[in-house]
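Here's the structure we're looking at; comments come further down.
Read-outs throughout are calculated quantities, based only on the coordinates presented, and are distinct from any laboratory measurement. Everything numeric here is computed off the predicted structure, so don't read it as measured data. Backbone-built Cβ (ideal geometry, glycine too); neighbour counts: all protein chains shown.
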Amino acid sequence: MPEIKYCKECRRIFQYESGPVLCSFCRKKDDEEFEKVRVFLRDFPGATMQEVSNVTGVSPSKIHRWLKEERLEVVEGSPVALNCEKCGVRIRSGRFCVECSKSLAKEMLQARNDLQHHLGRGSSAFDKNNFGLYYKHKNER
């Protein structure tokens, strides 16, 4: 279900659904700026973040965000440093290295299994007795 949030760029209230916390106006601007960067990097692969920012007018913080979102990737041997948020190893894009991503996924699966076991279930089905609230008039129309 969509949430009401403040846009990170313009601070307007909007109905958030997914992705970056940007209203439709700022998201459109963000997409246009990304396209400028994409075209520049297609023509000048291996450019530094500062070169990209100077030529396109896009802030280095946005370029860094797109690296974290895996929309851009650092070339081998680049002076741009992007590190795994868990172990600190150098990565080319995203937030975590492959090893930490696998580890986090494994931990999440284990947490799910532990929760299911704690609730005495072998499946992910939950009933009203497992939680404090439920919709009482489910079968009424």
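Things worth noting here:
- With 0.36 nm allotted per residue and the present C-alpha distance subtracted, the Asp31-Leu104 stretch has 23.3 nm of extension available.
- FRET efficiency estimate (nearest 0.05) - Cβ-Cβ, Lys68 to Leu119, R0 35 angstrom: 0.50
- Sequence of Val75, Val52 once ranked by neighbouring C-beta atoms within 10 Å, starting from the fewest: Val75, Val52
- Given Lys28/Lys86; Lys8/Lys68; Lys8/Lys62; Lys8/Lys28; Lys68/Lys102, the pairs whose alpha carbons are separated by over 20 Å: Lys28/Lys86
- Percent of Cα pairs exceeding the 20 Å cut-off, where the set is segment 1-126: 60 percent
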